[in-house]
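Read the structure below first, then the notes.
FYI, it's all coordinate maths here, none of it is from the lab. These numbers were taken from a predicted model, which means no experiment stands behind them. With ideal geometry, Cβ positions are generated from the backbone for all residues, glycine too; neighbour counts draw on all protein chains shown.
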Amino acid sequence: MAAVDGLAVAVRKTRHEPAAQMQGSGRGAMDWNDVRVFLAVAREGSMRAAGRALGLSQPTIARHLAAFESSFGGPALFDRLPEGLRLNTAGEQLISAAESIEDAVLTLERRSAAASPVLHGTVRVSTGECAAGFLARCLSATTTALPPGITLELVDELRQSANLVRRQADMALRHEPPEGGDFYICKAGIFACAVYRRRDAGAGGWVTYTDEQAHYAPARWVQRQAEDTGSPVTLRASSMLMHLEAIRAGTGRGVLPCYVGDGHPLLERLTPSIPEIAAEYWIIVHRDLRRSACVRAVIDWVKAVFAEQRDVIAGGV
C-alpha cells in the first residue's frame, strides 16, 4: 500500500494542458492532470482512447502518465499488452484514492462554474442526433434567443456518451431520465416520427439502421413492416442524415422525425405519426451546475424552443 500512501495531491483546477510539472518524487506536489490522465487510461484501456476522451494528444497523455508513474518511484502501473494497457496490481491500488481526488476536484469545478454570474462561455450539451439537429436549427429560427455571449456545443450522444458528473458535458438531452444521481431533471418534449419517401418515387424498399442498431425502436418497427409486407431493405445506415439523404434521393422509404420530413420540399409523408417510435427527451443537469448562469440560460432556452416548436415536433398535419 505504499503507492496509495504516496498519493498526497495538491490539485490545481484546469480543463486543458497545464503549465505546472511534478515536483520531485511522491512526496512533492502532484499535478491534478497527471491523476486524471491515469484514470482516463485505466478506464479507456489505451493512451489513444484516453487522449480522445480528454481532448489531449497521445504524446501529452504519455508524458502525464510517465510523470504519474515516476511519482511512485517509477514502477509501471499498467501492463503494456498488444491490445492496450491494463492496470497491474500496483495501479489497481491507486484507483480508489485517485477517484476520490477526482470527485473532489470535479465538485469544486462545478461549484466554481455555478458561482460565476457571467453570461459568457460555452455550454456543452450531449444528446442524440434528432434533438441535436432540432436545437441547431432553432438557434436562428425561433423568437427566443440565447444570450449573445453563450456558445452552444452539441455532442452526439451516440458517438460519445458524455458523463455529466465528470463534466464531459454540462447538460444532456436523453430519452430516459437517470435512475439515480444528484441531477436536475425536466421533460423537454416528444418528437413525432413518420414514414417518408421522395415525392416522385415509388414506395420501393426500406431505409433503416444497421444490424448493430437493430434494438432502436424505429429499426424494430421497420423490420416488422418489411416482414409483414415482404418489401426489401435497400439500405442500412447508422445515422439519420444518411437516411434523409437516401430517402431524398429516392433510394427507398424510411422513418424520419416529422420536424425533418414535413418541412422538406422533396419528401412526402406516407403515414400518420407513429406513437410507438416517438422520441421522448429529458433535460438532465448536475444540480451543482444548474446554478451556473450560462447553464440556466441554456436550460431556459431549450424549454422555450420546445414549447414554441410544439406543433412542429408533434407532426400534426
*Theoretical gain in end-to-end length, A136 to R80 [0.36 nm per residue, Cα-Cα removed]*: 15.9 nm
*Would you please put 239-247, 286-294 in order of how densely packed they are, using the mean number of other Cβ atoms within 10 angstrom per residue and starting with the highest?*
286-294, 239-247
_DSSP beta bridges in the chain [antiparallel fraction, %, rounded to 5]_ = 60 percent
*asked:* Quick check: convex hull of the Cα atoms in the range 193-277, volume per residue, rounded to a whole Å³?
replied: 80 Å³
*Going by average Cβ neighbours within 10 Å, how do the peptides 126-134, 260-268 rank, with the highest at the top?*
126-134, 260-268
*Summing Lys, Arg as +1 and Asp, Glu as -1, what charge do residues with Cβ under 15 Å from the Cβ of R80 carry, R80 excluded?*
-2
*Which angle from 0 to 90°, rounded to the nearest 10, does the C-alpha axis of helix 217-229 make with the longest principal axis of the chain?*
40 degrees
*Once the Cα atoms of helix 58-70 and of the chain are each reduced to a long axis, what angle between those two axes, in degrees from 0 to 90 to the nearest 10, is obtained?*
30 degrees
*Which is farthest toward the positive dipole end of the range 193-277 among Y259, T208, I274, measuring Cα position about the Cα centre, with Cβ charges +1 (Lys, Arg) and -1 (Asp, Glu)?*
Y259
*asked:* For the pair D211/H264, report the inter-label distance in nm, with labels modelled 7 Å from Cα in the Cβ direction.
replied: 2.6 nm
*Calculate the length of the line joining the C-alpha centroid of the range 240-258 to that of the range 262-284, in whole Å.*
12 Å
_Options A98, A76, A145, ranked by Cα towards positive dipole end of the range 44-153, top entry (Cβ charges)_ = A145
*Relative to the first principal axis of the alpha-carbon coordinates of the chain, what is the inclination of helix 293-308, with its axis defined by its Cα atoms, in degrees from 0 to 90 and to the nearest 10?*
10 degrees
